[in-house]
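Written out below as C-alpha cells is the structure these notes cover.
Any read-out appearing in this document is the output of simple, stated calculations on the displayed coordinates, not a laboratory observation. Since the model is a prediction, treat every value here as computed from it, not as a measurement. With ideal geometry, Cβ positions are generated from the backbone for all residues, glycine too; neighbour counts draw on all protein chains shown.
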C-alpha cells in the first residue's frame, strides 16, 4: 500500500520517475540510464528533505497519523526479544487498544506498554482506533505494578487520539483509571521511559506518559486535545483544525522549547513511515541508552527526581489570543 500526503506530492512525482528509470535500467543497463537514476535519486532526497524541514504544525499532525507509520506492535516485534503480551485487567475484560507485557531490549528485561491503533479496518475497529477503554488503562496499571514487583524498567509508547469517551467508559470508571495510572507512574520505584511515537492526545496519552524520561519522535505530536477537538471548542467548528494545530504548540520542537519533554528522536528522511526498520532500530538504541543511564541512579533519588521534574513543569509565556479564522462563528 502506498499513501502520499498532499504536501509530499512533489517528491512523489520524482519518485515515480525514478521507479520508471530503475525498471528500464534493470532491463537494459546503459550509462545514460544510470546517470539519470543517480540524478533522480539526488533530486528525490533533496526534495524530501526540503519538504520535511519546513513542515507546518498541521502537516506534522498528518505525518503523526500516517497509516504506514510504525505502531506499538511493530516496535514490540522489531526492537524487543521475548515479548509476551499480557491480557485483561482482572476486573472487566481485555482492551486491545492497550498492548503490553514483559520483553527484552538488548538483553535487558523491561515491561513494554503502549497504545496500538491497527491498520486494516477490522483491526482498527477491534482496537477502538487506538482509544483505550478503562479496562485498557487498568491492564496497563497491572503491568506497571508487576514491573515494580520484579524490578523491571517500564517503557511506554504513546499513540492515541485520546481515551475512549463513551458512556460505558465513564460508567466503568474511565476517570478513575486515568488518575490511578498517573499516581502509580509518579511513584513507581523502577526507571520509566515514555515515548510519543505518533499522536499523543489528552489524558489518554498522559495516563501512560509520566516518567523519568519523556521522548518524542521528530514528527510526532503531544497535546492536551486533538486539533479537531480544540477547534470545535474554540471556534465551534472542526474545520479550523489547522489553525488549532498552530496555536496548540504540539510539535516536538515546540514542546522541547517549553521544557515539557526531554529529547527529540530523529526520524528517517521522509518520516518514520519512509523507513520503519531504521526507525525501529533508532528507537531501540535510544531507549536502551536511556534505561542504562537511569539504572545507575539510586531508587530513592530516582523517585524524588521524578517528583521534582513534574513539580517544575508549568513555565509559560503570554501571547495574544489567536485570530478568529475567517468564516468562524
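Got a sec? How would 307, 52 order by Cβ neighbour count within 10 Å, fewest to most?
Fewest to most other Cβ atoms nearby, the residues stand as 307, 52.
GNM on the chain, C-alpha springs below 10 Å: top fluctuator among 135, 170, 199?
170
Thinking of the chain as a set of Cα atoms, what percent of all their pairs are more than 37 Å apart?
Percentage above 37 Å: 21.
Sort 8-21, 219-232, 137-150 for me by packing, meaning the mean count of neighbouring Cβ atoms within 10 Å per residue, highest on top.
Ranking, from highest mean packing down: 219-232, 137-150, 8-21.
If every alpha-carbon in region 8-54 counts as one equal scatterer, what log10 I(q)/I(0) does Debye give at q = 0.18, 0.31 1/Å?
Relative scattering, expressed as log10 I(q)/I(0), comes to -0.52, -1.05.
Would you mind classifying region 92-250 by shape? Square roots of the alpha carbon gyration tensor eigenvalues, ordered a ≥ b ≥ c; an a/c under 1.5 is rounded, otherwise it is prolate if a/b is larger than b/c and oblate if not.
Note, shape of region 92-250 comes out prolate.
Measure nothing but the geometry: give the 0 to 90° angle between the long axis through the Cα atoms of 174-187 and the longest principal axis through the Cα atoms of the chain, rounded to 10°.
90 degrees
Take the chain, connect every pair of alpha-carbon atoms lying under 10 Å apart with a spring to form a Gaussian network, then pick out the residue of 28, 201, 259 with the largest mean-square fluctuation.
The residue with the greatest mean-square fluctuation here is 28.
Exposure proxy check: 257, 69, 90 ranked by fewest other beta carbons within 10 Å?
90, 257, 69
Distance between the C-alpha centers of region 192-211 and region 239-309? Whole Å please.
First find each Cα centre; the distance between them is then 10 Å.
Over the alpha carbons of region 1-150, what is the largest minus smallest coordinate on each principal axis, giving the biggest first in Å?
That works out to 66, 35, 29 Å along the principal axes.
How big is Rg to Rh over region 148-188, alpha-carbon atoms, Rh as the Kirkwood inverse-mean-distance radius?
Answer for region 148-188: 1.06.
Using alpha carbons only, how many degrees (0 to 90, rounded to 10) separate the axis of helix 134-149 from the longest principal axis of the chain?
Rounded to the nearest ten degrees, it is 70.
In the chain, what % of DSSP beta bridges are antiparallel (nearest 5)?
35 percent
Give me P(r) over region 168-240, computed from all C-alpha to C-alpha distances, binned every 5 Å, as integer percentages.
3, 15, 18, 20, 18, 15, 7, 2, 1
Would you mind checking the radius of gyration and Dmax of region 29-88 based on alpha-carbon positions, in Å?
19.1, 61
So if the hydrodynamic radius of region 76-151 is defined as the Kirkwood radius over C-alpha pairs, what does Stokes-Einstein give as its diffusion coefficient at 25 °C and 0.890 mPa s, in µm² per second?
193 µm²/s
With a ≥ b ≥ c taken as the square roots of the eigenvalues of the C-alpha gyration tensor of region 216-289, please select rounded if a/c is under 1.5 and otherwise prolate if a/b is larger than b/c or oblate if it is not?
In terms of gyration-tensor shape, prolate.
Mean 1/r over all different Cα pairs, inverted: what Kirkwood radius does region 43-120 give, in Å?
15.1 Å
Where is the GNM fluctuation largest for the chain (alpha-carbon springs, 10 angstrom cutoff): 233, 280, 291?
233
Give the dimensionless ratio obtained when the Cα radius of gyration of region 187-329 is divided by 2.2 N^0.38 Å.
Cα Rg divided by the expected 2.2 N^0.38 Å: 1.19.
What is the fewest-to-most order of 171, 290, 218 by other Cβ atoms lying within 10 Å of their Cβ?
Least to most surrounded, the residues fall as 171, 218, 290.
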